[in-house]
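These notes concern the structure reproduced below.
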Amino acid sequence: MKLFTGLILCSLVLGVHSYWLSFLGEAYEGAKDMWRAYSDMREANYKDSDKYFHARGNYEAARRGPGGVWAAEVISDARENVQRVTDLFKHGDSGHGLEDSKADQDANRWGRSGKDPNHFRPRGLPDKY
């Protein structure tokens, strides 16, 4: 009986441990996906392409699993919140950039939900992206 209880306990501990390792790995890979989308956006420097890159980064991260979804959400929210704070210092409480921030968050949610990021792809954006 003690052996059976010990085996059950070990399997539960290892299962939970395995879950967290998997989650952390997904989060790490998801963060890399987000960074790659950001780097591509900067490199492309293409007019009206930011929503596409927001959706693409979130989409690719979310495909990693729950850890990727978590990383994408944390990174997206942090980025938009930092931008809102810097806009507040630059422009005061004028609401400047609020509409764009909401549109970015819509694109983020679109990508995280598994919908095709090409919905936001602007015409003429090189195929490389």
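The values are calculated or read from the model by the stated rules, or taken from the named source; none is laboratory data. Nothing here was measured: the structure is a model prediction, and the numbers come from that model. Here Cβ is always computed from backbone atoms with ideal geometry, including for glycine, and neighbour counts include all displayed protein chains. Keep in mind that these areas ignore ligands, DNA and RNA; they rest on the heavy atoms of the full protein, side chains included. Shrake-Rupley method; radii C 1.70, N 1.55, O 1.52, S 1.80 Å.
A few remarks follow.
- Checking each residue in the stretch 105-129 for being in a loop (DSSP other than H, G, I, E, B) and within 13 Å of E73 (Cβ to Cβ) picks out only S113.
- Considering residues of the stretch 52-82 that are open to solvent by less than 40 Å² (accessible area, probe 1.4 Å) and out of contact with any Asp or Glu (no Cβ under 7 Å at 6 or more places or on another chain) only, the residue farthest from H119 (Cα to Cα): A71
- Any chance F53 is aromatic (F, W, Y) and more than 23 Å from R123 (Cα to Cα): no
- Pairs meeting the criteria (first residue in the stretch 80-97 and modelled with pLDDT under 80, second residue in a helix (DSSP H, G or I), beta carbons under 6 Å, at least 6 apart or on different chains) are H96/D87; G97/D87.
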